[in-house]
Structure formats: C-alpha cells, structure tokens
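Structure first, then comments.
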Amino acid sequence: MQESMDDLGEVALYCGRLSCRKVIVQTVGRGRRKEFCSDTCRRAADRDYKRAKAHVTLFEEQLRNTLHEVAAYGRKAEEGVLTPQEVMAIHGEARVALERAATVVELGAEPDRVASELDALVKAVRPLVASHETWVSSRSA
C-alpha cells in the first residue's frame, strides 16, 4: 500500500530557468518537486534572477531621479496621478491596516472590533486601488 502511495505516476515539467526549458520527468507523489534540470541551471537561474533584480533597482532609481528633474522645472504633476512619495505613504498605511485586520481576524476578536479594523483597511486600501486605476488608464490613453 505504501509503495502505491509513493509512486502515483510521472509528469513532464519544464526546467525553471527561462533560457533552458528542458523537460524534467517528475514522479508524482511524496517528495520535493524538481525545479531545474541540473545544478548548473539552478545556479544560472539564481544569477539571472539577481541580475534582473539589479536592473529593476537601477531603473527605479533612474525613474526617481527623472521625476525629481521634472519637478525641478516647476511644473505640476498630472492631475490625479500620485507622486512616488504619496504612493509609498499609501502603501505603508495599507500594509499596517492589513496586518492589523489580519491579527484581529486571527485572534477572533469581537464583531465590533473586526468591523472597525475592516473599515480602517478599506479606507487605507481604496486610495491605492484608485491610484493604480488612474495610472493604468493614463498609460492606455
């Protein structure tokens, strides 16, 4: 019986490294799923990830510098579009409200407390969603 539970068949997966994508035959059942075809691909995927993350960090820094340069010309920001500082502040408020609400739900607090925390969460997250919708609509226009 134990042998039949451990070996439920095989399935073909692809290597997790985007530039490799070799087929990996994985046994269905217990055990850790293979993500890469070899240690070489695992290490290369880790390097690729770190390189991509460094690019994102660099481009975010360039964006902040460019926004600062635009602000230096004294022009107003587009109406309805939040500055990066405002977005960061909203993210911080939303993160705090989410953690508070999660804690209240986890502890099983009284209904009035749950309602209060959910109300605070809605108030904190609504501007974040609205700013994202404004950003998406301004990019598609």
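The rows are residues; the columns are (1) under 30 Å from residue 85 (Cα atoms); (2) modelled with pLDDT of 90 or more; (3) surrounded by 10 or more Cβ atoms within 10 Å (Cβ to Cβ).
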| site | (1), (2), (3) |
| --- | --- |
| 8 | no, no, yes |
| 18 | no, no, yes |
| 21 | no, no, yes |
| 24 | no, yes, yes |
| 29 | no, no, yes |
| 36 | no, yes, yes |
| 39 | no, yes, no |
| 68 | yes, no, yes |
Notebook entry, point to check: Within the set of pairs 6 or more residues apart or between chains, which connect a residue that is assigned by TED's automatic domain parsing to the domain that holds residue 126 inside region 96-115 to a residue that is of a type in the set (D, E, K, R) and in a helix (DSSP H, G or I) with Cβ atoms less than 6 Å apart?
Noted result: 100/117; 101/117; 104/113; 104/117
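The values are calculated or read from the model by the stated rules, or taken from the named source; none is laboratory data. Here the structure is a predicted model, which means the values were calculated and not measured. Methodologically, a virtual Cβ is constructed for each residue, glycine included, from the backbone with ideal geometry; neighbour enumeration extends over all protein chains shown.
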